[in-house]
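Report on the structure given below.
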Amino acid sequence: MKVLLVSSEIYPFAKTGGLADVAGSLPRALKKLGVDVRLAMPLYTRKIDRCRFNLSSTGVQLEFEMAGKRRVGYVDVADYDSMPVYFIDEREFFDRDNLYGTPEGDYEDNWLRFAFFSKAIIEMLKPLGFIPDVIHINDWQTSLVPVYLKEVYSDDGSLSNTKVLLTIHNIAYQGVFGSWVLPQIGLPWSVFHMEALEFYGNVNYLKGGIVYSDAINTVSPTYAKEIQTPEYGYGLEGILRKRSADLYGILNGIDYEAWNPATDQHIFANYSVEDFEEGKSENKKRLLEEQKLPYKPDVPLIGIVSRMAAQKGFDIIKDVLDDIADLELQFVVLGSGDKAYQDMFVDIARRYPDKFAVTIGFDPVLARKIYAASDMFLMPSRYEPCGLGQMIALRYGSIPVVRKTGGLADTIVDYTENPDEGYGFVFEQYEGAALLDAIKRAISTYARRSEWRTIVERGMKLDFSWNASAKKYIELYRKMIVG
Ligand code: ADP
């Protein structure tokens, strides 16, 4: 089985969030199960070190017209765990400081950058001599691949058996642009209607992916159901309901080699389920010292590692932040994003210097230290397609406190309701009071040390690796191929 996974970001080459983690780790699991999987992404020349990753030229040069100009792109390749990764090199589009935009906003030509990328993916296949059974696209940035395939390349016999799977990692990001882009990106006006790319008078790339792909999936079973409702569908619930027979939910996994407290080079002390108590307290002591908080072994430490976006539940944290700060606990927070949320944490750390340590920024090493040192990990998301943070936290013995939504609902079992099986604290209503109650339940359980030991052990023994989910992807690819 030949699969080309296409993504606008892939770890370890370039990452802004969970999409890169998934695009980097799922293929490794597929490869182990015998799939001929290859990857493709843009060559962000300022982010990707040619020497470190040993990039070389494939000799393939792409040439086609887009937005009134003859565009030339080159295809480079690198080896990633015995899988070829193809990089589309076009300097005008991808030689920039960031992937999608600056703190001031998105790049204005994202409509063109990712249309070019999507078309280049199709154009490179024949010259490379690689005709995949399935092109696995991800999010709006690659959603035009099936649209081009069916609208522009339908006479190309060599691609007629190639199927497309679209994975939606977050439906809030759709790639919506003025309808004037259509002729610029080489698509006919016939796609500008409600059952295709038209979306309230604009063009919606993700909607194109949903309509034109052979199958669609999201990254958890619960989110697959949620996005078919107005509350979670961001306007695409109707079209998704129409495609519900081809819509699946497959939970993401995490890479159990990359996230392993027994071998993690970046944490203060390594540990495993056998000796987590000593290991975690050493990590806690050292991190608190580094963060200039007093070490109090009996006071639980709560970690937050998150994009600071409304999606992640910061509004309800804000509603009860003073109540939370009055509890017997400490917080280590890492994140960046909306200024209002950043300011909220900076302010609380100023007011409670013994309880809150806050770092604004993106820091993968500090993130690991927080997973290892914390007793609890807070994710009160308003919506959460899958969420990786709660799975990483469990791997490191930090008990998730989460809202029951999307992938959080699919991965975390509440301890209060299920004392025999639970390993987390779950609340349902998107309200500060419900969040506060869950934190209080976690704190009072923490005080009963043998109970706490049991749930940490339970959490660390769970398996959220890619193994099971990669098999589900293969099953889905197979189903698509046989039609
Ligand atoms: P999302 O993709 O919506 O941001 P996920 O939970 O799926 O959320 O994935 C987030 C990933 O990014 C995790 O690997 C998490 O550790 C990492 N991460 C988030 N914020 C930061 C940060 N400020 N610094 C370092 N890593 C971060």
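The values are calculated or read from the model by the stated rules, or taken from the named source; none is laboratory data. These figures come from a predicted structure and were not determined experimentally. Using ideal geometry, Cβ is built from the backbone for each residue, glycine included, and neighbour counts are taken over all protein chains shown. We work out accessible area using only protein heavy atoms, side chains counted, and drop any ligands, DNA or RNA first. Shrake-Rupley method; radii C 1.70, N 1.55, O 1.52, S 1.80 Å.
Here the average projected area of the convex hull drawn through the C-alpha atoms of the chain stands at 22.0 nm². Loop-resident GluC sites (Glu not before Pro) (DSSP state other than H, G, I, E or B) in the stretch 193-232 with no more than 16 further Cβ atoms inside 10 Å of their Cβ: Glu195.
Per residue, the chain reaches -11000 deg cm²/dmol at 222 nm when only DSSP H runs of four or more residues are counted, each adding -39500 (n - 2.57).
For the chain, the residue among Trp140, Ala367, Leu327 whose Cα projects farthest onto the positive side of the dipole built from Cβ charges is Trp140.
Loop-located chymotrypsin sites (Phe, Trp or Tyr not before Pro) across the stretch 239-268 with a Cβ neighbour count of 12 or fewer within 10 Å are lacking, with loop assigned by DSSP. Taking amide H as placed 1.01 Å from N in the peptide plane, the amide H of Gly249 sits under 5 Å from that of Thr218, each at least 5 places away or on another chain. Surface composition of the stretch 178-234: carbon plus sulfur atoms hold 62% of the accessible area, using a 1.4 angstrom probe and ignoring ligands, DNA and RNA. Per residue, the stretch 1-160 exposes 39 Å² of solvent-accessible protein surface, assessed with a 1.4 angstrom probe and all protein chains in place. Taking the charge dipole of the chain about its Cα centre, with +1 at Lys and Arg Cβ atoms and -1 at Asp and Glu Cβ atoms, the residue from Leu378, Leu240, Ala434 reaching farthest to the positive side is Leu240. Leaving out ligands, DNA and RNA, what percent of the accessible area of the stretch 276-463 is carbon and sulfur, probe 1.4 Å? Looking at the stretch 276-463 in its full context, I get 47 percent from C and S. Heavy-atom accessible surface of the stretch 252-347, averaged per residue, reaches 44 Å², computed with a 1.4 Å probe. Note on the stretch 276-463: Rg/Rh from Cα positions, Kirkwood definition for Rh, rounded to two decimals, is 0.92.
For the set Lys280/Lys472; Lys285/Lys369; Lys47/Lys280; Lys31/Lys163, the pairs lying more than 23 angstrom apart at their alpha carbons are Lys280/Lys472; Lys47/Lys280.
Gap in Å between the Cα centre of the stretch 421-483 and the Cα centre of the stretch 225-295? Cα centres, the stretch 225-295 to the stretch 421-483: 9 Å. Structure note, pairs Lys15/Lys69; Lys69/Lys119; Lys119/Lys471; Lys225/Lys479: Cα-Cα distances above 18 angstrom occur for Lys15/Lys69; Lys119/Lys471; Lys225/Lys479.
Let me see the pair-distance distribution of the stretch 288-336: every alpha carbon pair, 5 Å bin width, integer percents in order. Cα pair-distance distribution for the stretch 288-336, in percent: 5, 17, 24, 26, 17, 10, 1. Ligands, DNA and RNA left out, the accessible area of the stretch 1-128 computed with a 1.4 Å probe is 43% carbon and sulfur. Per residue, the accessible area of the stretch 382-483 comes to 41 Å², computed with a 1.4 Å probe over protein heavy atoms only.
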